[in-house]
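Note sheet for the following structure.
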Amino acid sequence: MAYKGVVLGAVLLGLMAFGGCNSGWESQSQVWATQRDSDLVPLGVGATIPNAAVRTDTGVEISLASLTAGRPTVLIFYRGSWCSFCKQQLTELRNFQPEFAEMGYQIIAISPDQPGLLSKLSDELDLNFTLLSDSNMSASDAFGLSFRLGDETFNEYRTRYGVDIQKASGRSHHKLPVPAGYLVDREGVVRFAHADPDYSTRVPTAVLLDEARRLGGE
């Protein structure tokens, strides 16, 4: 049975930030945080990925569509190099990268981190795939994944947890993406999608691999 992991609901921002919520792997309807952009809905299966601009680790701007054209892609949105759950996911993707590559898949991971932080994280985790910067959140916005931290939560991140997302992105928008994982085919069409507002929850890499095998590198 195909994995059903598209989560279009959300938890309250406090739970999304550092609270405890486990929505499980099946879709659940919950209430979007008030800070989330109200006109955005997470991109789902069957949609064509938007031609959003992202930047490489050297600051070169490039379109996401051009990076994925003609090649099946595992596309990941993560919160940043400061996020331990994100680093765990990226490490797992690194370990499974050869299996994805055998099927023709490339792996691309996108975060709000400014370009200068990407190579540091890649070196730290010894990554074997591409990290891209979405510091202005254009890709996250286009995928319907972005939400803005309220001032109280932003300050709590910085003072209590030592996380300054404004410094990380180099921007003052105070936005983060909901963690998400996609499988995109050669034509840029989403064949699998999972977005979960629980900051601690990621689609398991083994599930992505199983879904990629099922799709056959289309």
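Worth a mention:
- Between ASP164, ASP123, the distinction of being at pLDDT 95 or above and over 16 Å from the mean Cα position of the chain (by Cα) belongs to ASP123 only.
- Taking segment 154-169 as the range and being of a type in the set (D, E, K, R) and outside any loop (DSSP other than H, G, I, E, B) as the test, the residues that pass are GLU156, ARG158, ARG160, LYS167.
- Index of the failed condition, ALA33 passing every other in (1) surrounded by 14 or more Cβ atoms within 10 Å (Cβ to Cβ); (2) modelled with pLDDT of 90 or more: (2)
- Within the option set VAL11, VAL41, VAL7, being on the phi < 0 side of the Ramachandran plot, surrounded by fewer than 16 Cβ atoms within 10 Å (Cβ to Cβ), at pLDDT below 95 and not in a helix (DSSP H, G or I) holds for one residue only, VAL41.
- Scanning segment 181-199 turns up one or more residues that are within 20 Å of GLN88 (Cα to Cα), surrounded by fewer than 24 Cβ atoms within 10 Å (Cβ to Cβ) and in contact with a Gly (Cβ under 8 Å, 6 or more places away or on another chain).
- Subset of segment 136-152 that is of a type outside the set (Gly, Ala, Ser) and surrounded by fewer than 19 Cβ atoms within 10 Å (Cβ to Cβ) - its residue that is modelled with the lowest pLDDT: ASP151
- Per-region count, segment 198-218, residues in contact with a strand residue (DSSP E or B) (Cβ under 8 Å, 6 or more places away or on another chain) and either among the hydroxyl-bearing types (Ser, Thr, Tyr) or not in a helix (DSSP H, G or I) (or both): 3
The values are calculated or read from the model by the stated rules, or taken from the named source; none is laboratory data. Note that this is a predicted model, so its numbers are computed, not measured. Ideal geometry is used to build each Cβ from the backbone, glycine not excepted, and the neighbour counts take in all protein chains shown.
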